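The values are calculated or read from the model by the stated rules, or taken from the named source; none is laboratory data. Since the structure is predicted, the reported quantities are computational estimates derived from the model, not experimental observations. Cβ: placed from backbone, ideal geometry, glycine included. Neighbour counts: every protein chain shown.
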Amino acid sequence: MKIKLLKKLFFTLTILFGVFSQAQTVTGTVSSGDMPLPGASIIVKGTTNGTSSDFDGKYTIENVSTTSVLVVSYLGYITQEITVGNQSVINVTLIEDENSLEEVVVVGYGTKKKSLVTGAISSIDSKQIKSSSNQRVEQVLQGRTSGVTVTSSSGSPGQGAQIRIRGAGSSGSSEPLYIVDGMKSSSIATLAPSDIASMEVLKDAASAAIYGTEGANGVVIITTKGGSRGGIKVGFSTQLGTQFVNTDMELMNASQFVQYMNEAGISSVVDNGYNTNWIDSTFDKAPLTRYDLNVSGGNDKTSFYGSMGHLEQEGIVGQENSSFKRKTFRFNFKSELTKFLEVGVNATYSFSDRFGIQENSDTRGVIQNMLIIDPLTPVIYDSLADVPQSVLDNAAANNVPLLTDSNGNVYGYPSYSTGEVVNPVAYANVMNKTITNDVQSLYSAYLKLNILEGLSITTRFGKETGRIDVKNMINPYYVSSEASNTAYTGSHTKYENKRWLWENFITYNKSFKNHNFKLLAGYSAEDRDNVTLKATSGSVSIDEFTGFDFSLPGFNSNVTNPLPYLDNMVSTYGRLSYDYDGIYLFEASIRADKSDKFPEANRTAVFPAFSGGWLVSKEDFWKTESPISYLKLRASWGQNGSRSNLTGNADKTYIIEALNGLGIDYLGNTGAQITGYSNENLVWETSEQLNFGIDLRAFDNKLRFTTEYYKKTTRDAVVDDGSLITPGSAGFNSQAFNAGTIVNQGFEFELGYSDTTEGGFTYSINANLSTLKNEVTEILYVGDAGYLTGAGAPQNAEGITRFSEGLPAWYFYGYQTTGIDSNTGEILIADTNNDGDITDADKTMIGSPHPDVLYGGNISLGYKSFDFNLQFQGTIGNDIVATYHQPSRAITNKPIHFFNNRWQQPGDNASFPGAANVASAYDTDLVVEDGSYMRIKQIQLGYTLPRSFSDKLKLDNFRVYVSLDDFFTFTDYSGLDPEIGNFSFNAIGVDRGFYPTAAKAIFGLALDF
């Protein structure tokens, strides 16, 4: 018996010794035949032992036995399994799935092969995201796909951006719906770009209709990274950079300003020896740092991904006073518990601190003051003896301190400019400060049951929470009666928003012969709550001030928004996808939404969609020798809704006893009033879209081309501000109303070509272009005037933007000019109504913020260990109107072209009026300019350490790069920055003194191990 046991033990040890003695290291290259495939996955089947290929497609994997099977995979290519045997070098050539169209794209409530897509969907993959040095997710989209416009609300760090898909399709907000890992998200500003695996943009109605009421403005679907098989992987990346303003804008210098004022008849303005360049003095260099760390891993059944990120970005105005700090944390987990059960969790948490200066104001903005303050004012006085006596007297009379910097130097007070004008450097640094603390979280968990072959049920619950804390603090100062604050003034507001979403859907796939079906049916319920937790404001005298403690008696406590704003919605939806042998494609979807934001009779709306496609190149008649290897024709029609412009309660009238947190007093008694007039006829805003598309691949798939035609019609556009249609005599405002119909239409083109030369040089060139025509085709109800008034401006009491039938939404409104009178230097105004008089009735459209053409593109080059990326983006045909001028303040500075192109004496052929008549230019097309531009968003040069060196350092990847972002801009616009967005939907293209986008020089490093 003992002998038998010893024999078995000896036999077992012999086998184990043989196995281990055959363990070896395998190296090789993964390629597509003509080019290396960096980032390909190589894993020993059934284990966590794995690696990925480097930039040159090379890999090394250790502890591999002769009986092992290597599984080699790469997105868009057919996975191969290779038995190792006695091979120590295994080179793998992966075969591309037809045109890479077996690649899966994310669509609403599922995924779909690219070859079967019948809608207009653009994708941005991880490779594009990885090469980007952007600090914000919105910026990653810019210029990378046709039909998508991304404009910053401000260049100030931490400020958001506005994304428009196929133009502004609403009279209110046109922001798309954001889906992050299947969960609706109010914003994507808190996401770290390094956590994103892919982004899909659903542009046509058929693609977005499955989201019903929230798909009218398009959908952006973001999938974050998950773990992969092959053991624990650690990644680290960092950016160090400097930011600065890069503008050609010029203002009048001291001598020009004095001459100009004297020509205007203001002889009191004389040269005092100061000559301040306020653009140079206000802007400064600012640092930028970013760190990202991630850990991932997994096996055949379970995977995880965890990350943390830190971003610090100071502003080019005020530096730390317009800075942004953000920390993000993410954890994703997925596991196939059994053959029939899969579970997953996606969680992200972020908190940010943003210090902001005053901006986006025609009279009270830091940049606006920089543009108009006289150049005869110093930034600081050389000594206290140089401070004008009037400044000292005003400070003493009002018991306020002088404005001083951190070194005790007194800031310059305007030498000649009057009214609200203040020193912009002092304004940014010591006069006013706003601090916003933002804590956001987004969690979702799902359970998927695979009941039968092709049949699965998914239930997913998600929750989004956010808490925003805003403090605004104003120090005492006295510059003039219009620009003064004789106490410490401030406000403190806390907001909280919550949303939960529960979705349940069933999918069924079935194929017989060449017929393939996929069915989806689902139900969802959600609830949103937005609450003002605290709102305090007030002031404390200088003598009693001990700090901005908002619990002090001077700050009156009040709570606003006491009314219940219901925001619940339940939905049912379904989709049928069919294809015959991958040649003939059809899809239909329908969704019914019921929202209590609408009146009882109009709470439910139904949104259908249909799409079809024909894969011509799979037909038997298609010649295999044709240079065109892939050709697909597509068409779609659908409807989507929008409720994003509604706060709710449009059909309700409440009686309240407090207004803005304070009790209503009526002749010493407790009073009451109504909230407004209800509108029980309010209906859903509905967007209907027709789309035709062509997808083409040629020359061995090196050439890629896609084109689209779309017509998007938004009916019953909702406006939430009832005051726009309420007569002044009504006493109270109306509620939200349906304003009219907006049409956006145009063409989109995407073209790409990539190849690898025999010498190993790789290149890829991609470009996109889209046209856009925006028009309001119907006005439903806008009162007697026949228009809606948009953004205000000091020079135009009737609004600088308007919403009228037959014209673009929120066009610029003012006087057209026909020239300058050569004898008087006065502006010649066009008599547009031909009544012989120049009145307000002659004001008309003087410009449009909507571009006729949007374009973008990128060039990627690679040779051995070096890579180069260039990205550009631009617009053609949009206008910008400058509203930072002060018509009531004669002694203000102006851009240099006001001086160079002015009328000076009879007989002059000038394009701008004489100095004495300049105030009449501010509400004319003389302050409207062509805003077309092209910006080089990124020029990046990178170097990846060869695998032979990185292996010695036990690294999977090591890359360094330098990048110039937003460095070069080509434009005829004379302002600071042509890439102007705005905080308000009705003020796009309105330059109130726009905080410009900073140019950046960045050094980056990324390593994986």
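Quick rundown of the values:
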| item | result |
| --- | --- |
| Test: residue in the range 958-967 that is of a type outside the set (Lys, Arg), out of contact with any strand residue (DSSP E or B) (no Cβ under 8 Å at 6 or more places or on another chain) and buried (at least 21 other Cβ atoms within 10 Å of the Cβ) | no |
| Test: residue in the range 426-435 that is in a helix (DSSP H, G or I) and either of a type in the set (Asp, Glu) or surrounded by fewer than 22 Cβ atoms within 10 Å (Cβ to Cβ) (or both) | yes |
| Subset of the range 477-495 [polar (S, T, N, Q), more than 23 Å from Gly466 (Cβ to Cβ) and in a strand (DSSP E or B)] | Ser484, Asn485, Thr489 |
| Some residue of the range 654-667 being surrounded by 16 or more Cβ atoms within 10 Å (Cβ to Cβ), out of contact with any His (no Cβ under 7 Å at 6 or more places or on another chain), modelled with pLDDT of 70 or more and not in a loop (DSSP other than H, G, I, E, B) | no |
| Criterion: more than 29 Å from Pro424 (Cα to Cα) and aliphatic (A, V, I, L, M) - qualifying residue of Val881, Val962, Val927 | Val962 |
| In the range 687-703, residue surrounded by the most Cβ atoms within 10 Å (Cβ to Cβ) [restricted to those that are more than 19 Å from Ala208 (Cα to Cα) and without any contact (Cβ under 8 Å) to a residue 60 or more places away in the chain] | Leu703 |
| Residues located in the range 899-924, provided they are within 22 Å of Arg992 (Cα to Cα) and assigned to a strand (DSSP E or B) | Phe912, Thr924 |
| Counted residues, the range 278-336 - those being farther than 17 Å from Thr997 by Cβ and outside any strand (DSSP E or B) | 6 |
| Identity of the residue in the range 148-198, assigned to a loop (DSSP other than H, G, I, E, B) and of a type in the set (Val, Ile, Thr), that ends up modelled with the lowest pLDDT | Thr190 |
| Contacts under 6 angstrom Cβ, first residue in the range 268-281 being within 13 Å of Asn893 (Cβ to Cβ), partner of a type in the set (Gly, Ala, Ser) and surrounded by 15 or more Cβ atoms within 10 Å (Cβ to Cβ), 6 or more apart | Asn275/Ala254 |
| Some residue of the range 747-759 being over 23 Å from the mean Cα position of the chain (by Cα), part of a strand (DSSP E or B), small (Gly, Ala, Ser) and buried (at least 20 other Cβ atoms within 10 Å of the Cβ) | no |
| Which listed residue, of Ser146, Ser152, is closer than 29 Å to Tyr709 by Cα and either among the basic types (Lys, Arg) or buried (at least 24 other Cβ atoms within 10 Å of the Cβ) (or both) | Ser146 |
| First in the range 834-846 and at negative phi and assigned to a loop (DSSP other than H, G, I, E, B), second anywhere and hydrophobic (A, V, I, L, M, F, W, C) and modelled with pLDDT of 95 or more, Cβ under 6 Å, 6 or more apart | Ile838/Ile829 |
| The range 488-506, residues that are touching a residue at least 60 places away in the same chain (Cβ under 8 Å) and of a type in the set (A, V, I, L, M) | Leu501 |
| Unique match (being modelled with pLDDT of 80 or more, assigned to a strand (DSSP E or B) and closer than 21 Å to Lys864 by Cβ) among Thr51, Thr25 | Thr51 |
| Filter result (more than 15 Å from Ser444 (Cα to Cα) and touching a residue at least 40 places away in the same chain (Cβ under 8 Å)) within the range 326-349 | Arg326, Thr328, Lys339, Phe340, Leu341 |
| Leu371 assigned to a loop (DSSP other than H, G, I, E, B), at pLDDT 95 or above, under 30 Å from Pro887 (Cα atoms) and of a type in the set (A, V, I, L, M, F, W, C) | no |
| Number of the exception - Leu941 against (1) free of Cβ contacts under 8 Å to residues at least 40 places away in the same chain; (2) surrounded by fewer than 19 Cβ atoms within 10 Å (Cβ to Cβ); (3) assigned to a strand (DSSP E or B) | (1) |
| One residue from Lys518, Lys510, Lys498 being surrounded by 15 or more Cβ atoms within 10 Å (Cβ to Cβ), basic (Lys, Arg), at pLDDT 90 or above and part of a strand (DSSP E or B) | Lys518 |
| Qualifying residues in the range 984-1000 (those that are over 13 Å from Asp362 (Cβ atoms) and in contact with a strand residue (DSSP E or B) (Cβ under 6 Å, 6 or more places away or on another chain)) - the one modelled with the lowest pLDDT | Asn986 |
| One residue from Leu807, Leu751 being at pLDDT 95 or above, closer than 25 Å to Lys711 by Cα and not basic (Lys, Arg) | Leu751 |
| Scope the range 242-268; condition in a loop (DSSP other than H, G, I, E, B) and of a type in the set (Ser, Thr, Tyr); matching residues | Thr247, Ser267, Ser268 |
| Which listed residue, of Arg992, Arg947, is farther than 27 Å from Val245 by Cα and either touching a Pro at 6+ places or on another chain (Cβ under 9 Å) or not assigned by TED's automatic domain parsing to the domain that holds Ile43 (or both) | Arg947 |
| Considering residues of the range 114-133 that are β-branched (Val, Ile, Thr) and in a strand (DSSP E or B) only, the residue farthest from the chain's Cα centre (by Cα) | Ile121 |
| Leading residue by the ranking (farthest from the chain's Cα centre (by Cα)) among those in the range 202-219 that are within 17 Å of Lys114 (Cα to Cα) and not acidic (Asp, Glu) | Ala206 |
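Matching residues to (1) surrounded by fewer than 15 Cβ atoms within 10 Å (Cβ to Cβ); (2) over 30 Å from Leu501 (Cβ atoms); (3) touching a strand residue (DSSP E or B) at 6+ places or on another chain (Cβ under 8 Å):
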| position | (1), (2), (3) |
| --- | --- |
| Asp543 | yes, yes, no |
| Asp567 | no, no, yes |
| Ser571 | no, no, yes |
| Ile583 | no, yes, yes |
| Ala605 | no, no, yes |
| Pro608 | no, no, yes |
| Gly612 | no, yes, yes |
| Val616 | no, yes, yes |
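One line per residue, one yes/no per condition, for (1) of a type in the set (A, V, I, L, M); (2) closer than 25 Å to Phe1003 by Cβ:
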| residue | (1), (2) |
| --- | --- |
| Val105 | yes, no |
| Thr111 | no, no |
| Ile129 | yes, yes |
| Arg136 | no, yes |
| Gln142 | no, yes |
| Val148 | yes, no |
| Ser152 | no, yes |
| Ile165 | yes, no |
| Ser174 | no, no |
